[in-house]
Every structure is written in C-alpha cells, then in structure tokens.
Amino acid sequence: MPARPILELVNVTKAYRVGETVTWGLRGLSLRIYPGEFISVMGPSGSGKTTLLNIAGLLDRPTSGKVYIDGLDVSRLRDRELARLRNKYIGFVFQQFNLINRLTVLENIELPLIPRGVPRHERRKKAEEALVSVGGDPSWLPKKPLQLSGGQQQRVAIARAIVGEPLILLADEPTGALDRRTAKRVVNTFISLNKRGQTIVVVTHDPEVANCTHKIYMIRDGNIVEVVEPDISRCIINTVR
Ligand SMILES: Nc1ncnc2c1ncn2[C@@H]1O[C@H](COP(=O)(O)OP(=O)(O)OP(=O)(O)O)[C@@H](O)[C@H]1O
C-alpha cells in the first residue's frame, strides 16, 4: 500500500443548524483512502453517508476536523481553489442524477473537460466512449436528459463523472435507480475502472454492490463502526438471479 492516502479525513464533524436545532451529520469520523482502493460505505438512512461523500468530494466543508486530498490540507482553501481541485481530482455520481436539463447529453458529459481546455472533437470522442462504457448508446448524445428514462439518465451521470478520468470517483447509490441488468453493467464498469487504477468510493444500500468492492465501511450515527470484508461470491456480477 502506498504511504500517502489520496484522501484522508481526520476527526471530521458536520453540524447542520436549522433554527435552534442542531443535527450532527458526522461525529468525529476519520478515514484514509489509498490510490487504487475500491471501497463501499453502508449504513442506515440518516447515518451520514451523503454528508461523508459531500465532504470527501469537496462539495461541503466540515464543521471541525481536517480533509486532505493527496496530502494537501483543503480546509483553508477558498471556494475557487476548491472547485479547481474538485474538477481535477473528483468525479461525482449523485443519488439524483443532477444533470442539466437544458443541455444535451453530450454537453452534460463533456462539462468536466471544458475547464481543462480539451478541444471540441476530443471532448466529443471522450464523451461518447464514456457513455458507451457505462452501457449507454451514442444515439442519446444529441438528446436532452428528460427525453431519457431514469436509468438512462443515471448512466449519463456516471459517464460525466468518469469522462475526466478523476483520481477519485465518489458514487452515492449509483445503481439505486437502475434495473438489475443495467446495475450489473455499471458495477462491471466500476470494476474495470478500478482495475485500471481508479480509486472508487461507493455509497450503497445494496449488499450485492458492496460485496463487489474491496472493503465495506459500516457507518452509524456519523461514525464508522465496523469494517467488513466483502464476500465476492455475493457480488451482483457473480449472482445468477
Ligand atoms: N441540509 C441538512 N440540513 C439539516 N440536516 C441535515 C442536512 N443534511 C443532512 N442532515 C441530517 O444529517 C444526518 C445525516 O444525513 P445524511 O443525508 O448524510 O444521511 P444518509 O446516511 O446519506 O441518509 P440516506 O441513506 O437516507 O441518504 C441526518 O440526521 C440528516 O437528517
């Protein structure tokens, strides 16, 4: 295992204040993720999984504690610097697809490549490759997201997350909206991305998805309570159902 984690959370808390009420999303969580790892996070509803991904993905800041990306303390960075790091390091698949409905599928997928100055024809090629690799069809490219089914939209969102070859892919319930056959394809995509070195963190309620990863972090009340060894024979791609 390389010495330096690609992502490290140290004693991270997150408090949500609504009026007088404070809800704790995370309560002093620490976590290290090394390059090439493929991990999953499971836990009951409200345990802090989405909060964890938002903080790890630099979409939100902790109330206290430290977040390091590739050894860099991101706590003091301004929003613009955070956004730059996010574009370079992180691909995000959201529970709700979060596609931009007035843009075409192609325009959605190529978005992360625009700040990097990738020429138009190359953006198109990479976008098409990313879409096909997650089981999508090139005929979707000129369409608007709302002309596609929910499962198709989620595949577009995954294509957008991987098109820029991020160092870390963070996925929040990536198969939740997909039928089983499509879910298998998406998990296969994650597995082959990981084999090519992609670091992946997947939040999932589905044990058949978690069992395809290398390590399962169980989270409860804003903290990791257990690390479980997956059973690969119970990975969705190895089940006949
Ligand atoms: N924006 C917010 N404002 C107030 N409380 C919030 C906010 N976001 C999350 N919380 C609270 O923080 C805690 C953790 O929420 P989080 O969404 O991270 O859980 P989760 O494990 O992802 O849940 P689920 O599986 O239902 O998506 C919950 O008690 C939740 O109500």
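Summary table below
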read-out: From the options ASN108, ASN54, residue that is polar (S, T, N, Q), closer than 27 Å to HIS205 by Cβ, modelled with pLDDT of 95 or more and assigned to a helix (DSSP H, G or I); value: ASN108
read-out: VAL203 being over 29 Å from GLU122 (Cβ atoms), within 13 Å of the chain's Cα centre (by Cα) and not aromatic (Phe, Trp, Tyr); value: yes
read-out: Options GLY57, GLY48: the member that is more than 26 Å from GLY197 (Cβ to Cβ) and within 16 Å of the ligand (Cβ to nearest atom); value: GLY48
read-out: Residue in segment 35-42 that is β-branched (Val, Ile, Thr) and within 10 Å of the ligand (Cβ to nearest atom) present; value: yes
read-out: Per-region count, segment 204-228, residues aliphatic (A, V, I, L, M), more than 11 Å from the ligand (Cβ to nearest atom) and surrounded by 14 or more Cβ atoms within 10 Å (Cβ to Cβ); value: 6
read-out: Members of segment 4-34 found to be under 21 Å from the mean Cα position of the chain (by Cα), more than 9 Å from the ligand (Cβ to nearest atom) and of a type outside the set (Val, Ile, Thr), listed by number; value: ARG4, PRO5, LEU7, GLU8, LEU9, LEU29, SER30, LEU31, ARG32, TYR34
read-out: Failed criterion for ILE100 (all others in (1) in a helix (DSSP H, G or I); (2) closer than 26 Å to GLU173 by Cα hold); value: (1)
read-out: Residue match in segment 71-80 (condition: closer than 18 Å to PRO174 by Cβ and assigned to a helix (DSSP H, G or I)); value: no
read-out: Filter pass, SER47 being buried (at least 20 other Cβ atoms within 10 Å of the Cβ) and of a type in the set (Ser, Thr, Tyr); value: yes
read-out: Residue within segment 181-190 that is among the aromatic types (Phe, Trp, Tyr) and within 16 Å of the ligand (Cβ to nearest atom) present; value: no
read-out: Residues that are modelled with pLDDT of 95 or more, in a loop (DSSP other than H, G, I, E, B) and over 18 Å from PHE94 (Cα atoms), drawn from segment 185-214; value: ASN211, CYS212, THR213, HIS214
read-out: Residue, farthest from LYS184 (Cα to Cα), within segment 217-241, restricted to residues that are of a type in the set (S, T, N, Q) and not in a loop (DSSP other than H, G, I, E, B); value: ASN223
read-out: Qualifying residue in segment 85-99 (condition: among the β-branched types (Val, Ile, Thr), within 16 Å of the ligand (Cβ to nearest atom) and surrounded by 16 or more Cβ atoms within 10 Å (Cβ to Cβ)); value: yes
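The values are calculated or read from the model by the stated rules, or taken from the named source; none is laboratory data. Keep in mind the model is a prediction, meaning the values are calculated, not measured. Here Cβ is always computed from backbone atoms with ideal geometry, including for glycine, and neighbour counts include all displayed protein chains.
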